[in-house]
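The values are calculated or read from the model by the stated rules, or taken from the named source; none is laboratory data. Bear in mind that the values here come from a model prediction, so they are computed numbers and not experimental data. Because the Cβ atoms are built from the backbone with ideal geometry, glycine has one as well, and the counts that use them run over all protein chains shown. Quick note on the areas: whole protein, heavy atoms, side chains included, nothing else; ligands and nucleic acids left out. Shrake-Rupley method; radii C 1.70, N 1.55, O 1.52, S 1.80 Å.
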Amino acid sequence: MENKSFVTIAKHSKDKILYLLEMAKEFEKKPNRRLLDGKIVATLFFEPSTRTRLSFETAANRLGAKVIGFTDPKVTSSSKGETLKDTIMMVSNYADIIVMRHYLEGAARYASETAPVPIVNAGDGANQHPSQTMLDLYSIYKTQGTLENLNIYLVGDLKYGRTVHSLLMAMRHFNPTFHFIAPDELRMPEEYKLYCEENHIRYFEHTDFTEETIADADILYMTRVQRERFTDLMEYEKVKDVYILHNRMLEYTRPNLRILHPLPRVNEIAYDVDDNPKAYYFQQAKNGLYAREAILCDVLGITLDDVKADTLK
Ligand code: CP
């Protein structure tokens, strides 16, 4: 059987991405369905999470599946030395699909090569976060009416930020212009800039984060400087508050601008931005439910036609 794992956005065609977004739209119309009746979804979180785990678990529950799993690897036998391979093989005995977040880059791919059931990557170290990308794309499409030809500003931790890495790869189909705003210590890694060049994606790099820099943005994608990725906390202290978005900076931005953030935020968006109609990060997190319902169905072989037929019931 074809392995339907959802490990990286890079392998998905434009048609496949648009197909999943259409499925998410169906789920927004009607989130509660019995399409996964009798299925078991395992959520294995080796790193902390609020939104990703809870939205996947909500998605599974709203689709009629049951959920097993853990939120703290210290309470599992991995703390006794069980390998990731053995853990995955064991959980595959119990579940129809495994949603996994892991601190090691490549862990999801490794698990997908091991497991007899589909693996969904819920974030692997600083590498990828493809389900976040589906909800980001859905949010961009909903707010801009298109994914094509947009000016997208990525701000903050572009070195370790797995959400920006995945978003960049997915956008290759849609002729974006990217602006990377980061301090020198947290610049977009060379491998992703090379990816842009190979895929004819325009990008500009900045270190200033000012009203002028963001004046022609359609999407301002803020990110947190992630303390957990630094080995030297002095380095973290130096850059942690380098960019803070204040409401006053939005006065001359485009009317269609929307501010996204994968969340959690720490200091990088001031609270006075929350009431600005251009702030979209909480709705963005809500869109995660619909995008993740689509992902769970897709990896289990449920098609858009099945979902549309169910909408009419
Ligand atoms: N966006 C995101 O991955 O949030 P969590 O870490 O809370 O899951």
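Below, the figures for the structure above:
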| item | result |
| --- | --- |
| Accessible surface of the chain [probe 1.4 Å, protein heavy atoms]: carbon and sulfur percent | 50 percent |
| Only Lys, Arg (+1) and Asp, Glu (-1) charged, at Cβ; the stretch 97-198 dipole about Cα centre in debye | 300 debye |
| Ratio Rg/Rh, restricted to the stretch 87-193 and using Cα atoms, in which Rh is the Kirkwood radius | 1.05 |
| Cβ charges +1 (Lys, Arg) and -1 (Asp, Glu), total dipole of the stretch 186-310, debye | 240 debye |
| Two-decimal ratio, the stretch 1-60, of alpha-carbon radius of gyration to 2.2 N^0.38 Å | 1.31 |
| Length-normalised contact order for the chain - Cα pairs under 8 Å, 6+ apart - percent | 21 percent |
| Degrees between helix 14-29 axis and first principal axis of the chain (Cα, 0 to 90, nearest 10) | 80 degrees |
| Too-long pairs where the Cα-Cα distance tops 21 Å, listed order kept, from Lys39/Lys80; Lys25/Lys313; Lys74/Lys238; Lys142/Lys286 | Lys39/Lys80; Lys74/Lys238 |
| Longest site-free stretch - the chain; sites: GluC sites (Glu not before Pro), DSSP loop, at most 15 other Cβ within 10 Å | 3-81 |
| Dimensions in Å of the stretch 266-313 - Rg and Dmax from alpha carbons | 16.5, 46 |
| All lysines inside 17 Å of Lys193 as judged from Cα atoms, apart from same-chain residues fewer than 8 positions distant | Lys159 |
| Dipole-positive endmost among Ala291, Thr58, Asn127 within the chain (Cβ charges, Cα centre) | Thr58 |
| Surface accessible to a 1.4 Å probe, per residue, for the residues of the stretch 171-282, Å² | 52 Å² |
| Histogram of C-alpha separations across the stretch 8-165, 5 Å bin width, % | 2, 8, 15, 20, 21, 16, 10, 5, 2, 0, 0 |
| Beta bridge orientation in the chain: antiparallel %, DSSP, nearest 5 | 5 percent |
| Computed log₁₀ I(q)/I(0) - Debye formula, equal Cα scatterers, no solvent, the chain, q 0.07, 0.11, 0.13 Å⁻¹ | -0.27, -0.67, -0.94 |
| Other-chain or far-sequence residues with amide H under 5 Å of Glu205's (modelled H) | Phe180 |
| Accessible area per residue, Å², the stretch 1-106 with all protein chains present, probe 1.4 Å | 51 Å² |
| Amide N of the stretch 136-153 lying under 20 Å from the label point, which is placed 7 angstrom from the Cα of Ala10 along Cα→Cβ | 136-137 |
| Theoretical FRET efficiency, 1/(1+(r/R0)^6), r = Cβ-Cβ of Thr210 and Lys238, R0 30 Å, to 0.05 | 0.90 |
| Computed [θ] at 222 nm, helices only, for the chain once each DSSP H run of length n ≥ 4 contributes -39500 (n - 2.57) | -11000 deg cm²/dmol |
| 10 Å-binned pair-distance histogram of the stretch 171-218 (Cα, whole percent) | 24, 51, 25, 0 |
| Globularity ratio of the stretch 115-160, using Cα Rg and 2.2 N^0.38 Å | 1.46 |
| Largest to smallest accessible area among Thr50, Thr303 [probe 1.4 Å] | Thr50, Thr303 |
| Hits among aspartates and glutamates - C-alpha to C-alpha of Lys66 under 19 Å, sequence gap 8 or more where chains match | Asp37, Glu57, Asp96, Glu293, Asp298 |
